[in-house]
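Each remark here refers to the structure printed beneath this line.
Values in this text are rule-based calculations from the coordinates and carry no lab data. For clarity, every value in this text was computed on a predicted model and none was experimentally measured. Note that each Cβ is placed from the backbone with ideal geometry, even for glycine, and that neighbours are counted across all protein chains shown.
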């Protein structure tokens, strides 16, 4: 067990979003011989005490068949389908921990080194450590403390599902990817077929 000084740390793969601009399910897209979700799990695992996948009900069975390396949960019914904020709320509500390292499933260039750098950056008095790239916040690869849960609950009950609104309500510590020494490519989301083709083309070129 990799218990940190801050207590139990859980690694979270957010895999509950719809793939409306992507042919098939992004979680099961293949890159370099691994599904996207497998790569994220492998990146998180060395630096957390437990890994969790937050998924939709229609994908949960496939995850259960595919992997024994992570705990699989669904969004809580009261917030199901309400985006990444609902996923964060659901994992905090169902899996007890002191902190949660969150990564979106569609970030296949994320790696173990990036996760290590993020987890080494202290919260100090903040409830979240959120990277930025060129001034843009990256809340889908970030670290959150358990004390965020009541704030998440209140916001979702009010009908607000925007991550930026949540971050405005808490003390978040923003840190640039340059200060973290994490390449900007690690934060790139594969949102559609075009970006997936670009990823595969780039991967192939690197291997030549």
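Quick notes on this structure:
- Remark: spin-label model distance residue 147-residue 78 equals 2.3 nm, labels positioned 7 Å along the Cα→Cβ axis.
- Two-site label geometry, residue 137 and residue 113: point separation in nm, points 7 Å out along Cα→Cβ: 2.8 nm
- Ordering of 184-197, 147-160 by packing [mean C-beta count within 10 Å, highest first]: 184-197, 147-160
- Taking only Cα atoms of the chain, radius of gyration then Dmax in Å: 16.1, 52
- Contour minus Cα-Cα distance for residue 125 and residue 94 (0.36 nm per residue): 8.7 nm
- Between residue 162 and residue 69, the contour length at 0.36 nm per residue exceeds the alpha carbon distance by 30.5 nm.
- Site pair residue 32 and residue 179 shows an inter-label distance of 2.8 nm when each label is modelled 7 Å from Cα along Cα→Cβ.
- In the chain, the calculated helix contribution to ellipticity at 222 nm averages -10000 deg cm²/dmol per residue, counting -39,500 (n - 2.57) for every DSSP H run with n ≥ 4.
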